[in-house]
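Some notes on the structure that comes next.
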Amino acid sequence: MHPASEGYVDRDLFGNTPKGRRDWSHRRGEPRVMALFWMIYLMGTTAVMFASMSRAHAISYGISRPAARTMLILIVIGFSVLWPMLRLSQRHPHSGHVWFALRDALVLFVPLQAVLWPQISGILAHWSIPVVATLTLLCASWLLLIAGVLALAMRSIARNDSPTARALWMLIFLVIIGAAPLAGVLGQVAPTTPFDQPRIGWLLSPVTGVLEIVRDREAIGVAAKIYPQQVRMLLAIGCVGLALLLIARALEVAYARVRA
């Protein structure tokens, strides 16, 4: 039954009706269930990493680092694809979308540190502190960017909800994450790219960005190396995300004033 239909009763996941309220709109967007699923997802990616290492007779960096790369790719797919897919499949409150998107991003970012920073350990990937710190910066920057687009998407859907609108917004996310890097990556993906040179175009996607940051550079004597150009690109991505959040907030304020 449509929410606007007469006799409609809004119920939660367990079939409960709200007490003293017309519906559950005051609870929509709360990240508690998503936080639970995210913790389970992180544990699953960690299990995948250890499972791939368990098949070896002896653990070496040639085994642990590819396993860690696989885990990181699954993680960034989780917050760059599955997160917006989850939110775009739900009903949203009619206001406060910037706050909800930022709160989601924080819920995703904080537990992620428990998976990233152990990779400094010698029994795991044994990457340096700058490498893991740059991975953290990549996650933070892309979470901000996705949060900015998601805030705009939720505001648009709240005003004009339809399956087509939701599908189009999800397509926008896929384009940003999957197709946008092509312009930069195709010109820098040649096998002849020197190991001592960064592939900046790869940072235009969180998936290829992870592969670039932890790229094997043993040919120049280090497991992985961070370049100033990479840090500047990630900061620029984060600034774009902040700009989108500010735009979404300005639209919310302007719409609230018009309605008042």
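The values are calculated or read from the model by the stated rules, or taken from the named source; none is laboratory data. If you're wondering where the values come from, they're calculated on a predicted model, not measured in any experiment. For neighbour counting, all protein chains shown are included, and Cβ atoms are generated from backbone atoms with ideal geometry for every residue, glycine included.
Among the residues of region 244-253, those that are over 17 Å from the mean Cα position of the chain (by Cα), in contact (Cβ under 8 Å) with a residue 40 or more places away in the chain and closer than 21 Å to SER80 by Cα comprise ILE247, ALA248.
Within the group MET71, MET85, which residue is under 15 Å from LEU135 (Cα atoms), assigned to a helix (DSSP H, G or I) and modelled with pLDDT of 85 or more? So that I can check it myself, show each step before the final result.
Details: MET85 fails: under 15 Å from LEU135 (Cα atoms).
Result of the check over MET71, MET85: MET71.
Scanning region 223-243 for residues being more than 17 Å from the chain's Cα centre (by Cα) and free of Cβ contacts under 8 Å to residues at least 24 places away in the same chain gives a total of 2. When each of ILE77, ILE59, ILE63 is tested for being assigned to a helix (DSSP H, G or I), in contact with a helix residue (DSSP H, G or I) (Cβ under 8 Å, 6 or more places away or on another chain) and modelled with pLDDT under 85, the lone residue that passes is ILE63.
In this structure, ILE247 qualifies as assigned to a helix (DSSP H, G or I), in contact with a Gly (Cβ under 8 Å, 6 or more places away or on another chain) and at pLDDT 80 or above. Of the candidates GLY187, GLY209, GLY178, the single residue that is in contact with a Leu (Cβ under 9 Å, 6 or more places away or on another chain), small (Gly, Ala, Ser) and either at pLDDT below 85 or in a helix (DSSP H, G or I) (or both) is GLY209. Within region 213-222, being in a helix (DSSP H, G or I) and without any contact (Cβ under 8 Å) to a residue 24 or more places away in the chain holds for one residue alone: GLU218.
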